[in-house]
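Comments concern the structure below.
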Amino acid sequence: MHAPDYQASLVNLAASLRTIAGAADNRGYAPLVLPSAVQRARHIILFIADGVGDAIVRRHGGMLARHQLTRLTSVFPTTTASAITSLYTGVAPTQHGMTGWFTWLRELGSVATVLPFTPRHGGASYTEAGITPRDIMACPSIFEGLTRPGHVVNPFYIADSAYSRALSGPAQRHAYRDLDGLIALLASLARGPGLTYAYWPEFDGAVHHGGLAGGDDKLSELERALEQLLDRLAGLDAAVLVTADHGMLDTAPQHILDLADHPALADCLTLPLCGEPRAAYAYVHADRREAFETYVTTQLADRCELLPRTRLFEAGWLGPGRTHPQLPHRVGDYLLLMRENHVITQRLAGERAFAQRGVHGGLSADELYVPLCVLVP
């Protein structure tokens, strides 16, 4: 098991970018020391390749490996909902309060699917009730207080989502439809001064569906596109930083723990499992806690580690700083941290069965460490 290092994490990368872009503060996090070519660049592009972890880049041994400066840690849990929110706010999960794909929002009385910003059971977005992601995060966008223009570039289907609008703050939002369109858009934006965040999710999607082997072609496609971007940035005062929100590993059917096969455990819960399949939050009846602990430690000890909520805070995995007021309610009574490549799932009414081959969210090295690559034309 590894742990986030909030001196060399995605949050510290965000602090560095705020410093370079003229912010008066780093929201309490130490910036990284970036190469002078990046610090002097008139336009900086942060390219976030979802799921392309450090181990993946090193095994692939391609263009990104040749340009890798160092490796950073993600945040906990190692998932897009938490890590992207940290990159776009410049604070750790302990402050922004986004603790996984499924998050219990006590103030709304609802388990949320965070990034689509809808209840887990589906239906209308919370925005239709007048609630925005800023209401549940209570922290500003990284683009606030900068002295240079900010840009956020997302796939067309999320570019104007409630979550994208909240995280972008005053930055200008842009949409693209394919990787060629993304490269063309970034090259165009780099003609002026600015800080651009660009998000590319296709590797993550391919690996969820087909396992790590299913992402090989996508990673090669990305590296060819980045080579083209460098060519198009020639003569411009620009630099590109490439990183990821998390890494990934493969699971196997025999390592998928379905809560339906453990009714005695499910009967201990007051809410569905929240968080991630690799790091699940369990909300337990007060009078069933002993039974819950006994079941996990005797029946599931080879599959997961059981941690009470207090241990999660003591370990500092969610980060330093002032705690979000709702955070204690967003991490359950216990954390089920899965071992090796095990996952735990719970299928609710109307949901599809879990079918992912590539997974993330836990604290293995493959999930936690992400690359920081520097591309300067």
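Of all the options 82, 164, 188, the one that moves most in a Gaussian network model of the chain with Cα springs shorter than 10 angstrom is 188. Rounded to 0.05, the FRET efficiency of the residue 128 and residue 288 pair, given R0 = 45 Å and the Cβ-Cβ distance, is 0.80.
Between 304, 233, 95, the Cα set farthest toward the positive side of the dipole of the chain (charges on each charged residue's Cβ, about the Cα centre) is that of 233. Quick note on the chain: its Rg to Rh ratio, both from C-alpha atoms and Rh being the Kirkwood radius, is 0.96. Mean-square fluctuations from a GNM of the chain, with a 10 angstrom spring cutoff on Cα atoms, peak among 106, 173, 339 at 106. For residue 255 and residue 322, the FRET efficiency from 1/(1 + (r/R0)^6), where r spans their Cβ atoms and R0 equals 45 Å, is about 0.75. Each principal axis of the Cα atoms in segment 229-282 has its own extent, and those three values, largest first, are 65, 26, 11 angstrom. Against the main long axis of the alpha-carbon atoms of the chain, helix 10-20 sits at an angle near 30°.
Label separation (residue 1 vs residue 302): 2.0 nm, computed from points 7 Å beyond Cα along the C-beta direction. Restriction of the chymotrypsin sites (Phe, Trp or Tyr not before Pro) in segment 178-274 to DSSP coil positions whose beta-carbon has at most 14 other beta-carbons within 10 angstrom yields no sites. Distances between every pair of Cα atoms in segment 253-357, grouped in 5 Å steps from 0 to the bin holding the largest one, split as 2, 12, 23, 26, 18, 12, 6, 1, 0 percent. This ranking places 143, 313 by how few other beta-carbon atoms lie within 10 Å of each, fewest first, which gives 313, 143. Listed from fewest to most Cβ neighbours within 10 Å, the set 54, 231, 245, 302 follows the order 302, 231, 54, 245. The charge dipole of segment 253-357, taken about the Cα centre with unit charges on the Cβ atoms of Lys, Arg (+1) and Asp, Glu (-1), comes to about 380 debye, rounded to the nearest 20.
Put a plus charge on the Cβ of each Lys and Arg, a minus charge on the Cβ of each Asp and Glu, and nothing anywhere else: the dipole of the chain about its Cα centre is then about 920 debye. Each residue of segment 163-174 was assigned a 3J(HN,Hα) from its phi angle through the Karplus curve 6.51 cos²θ - 1.76 cosθ + 1.60 (θ = phi - 60°); the sequence is 5, 4, 4, 5, 6, 6, x, x, 5, 7, 9, 9 Hz, with glycine and proline shown as x. Sorting 23-30, 269-276 by average packing, meaning the other beta carbons within 10 Å per residue, from highest down gives 269-276, 23-30.
Only the coordinates and a few stated rules stand behind these numbers; no lab work does. Just so you know, these numbers come straight off a predicted model, no measurement behind them. Every residue, glycine as well, gets a Cβ built from its backbone with ideal geometry; the counts of neighbours run over all protein chains shown.
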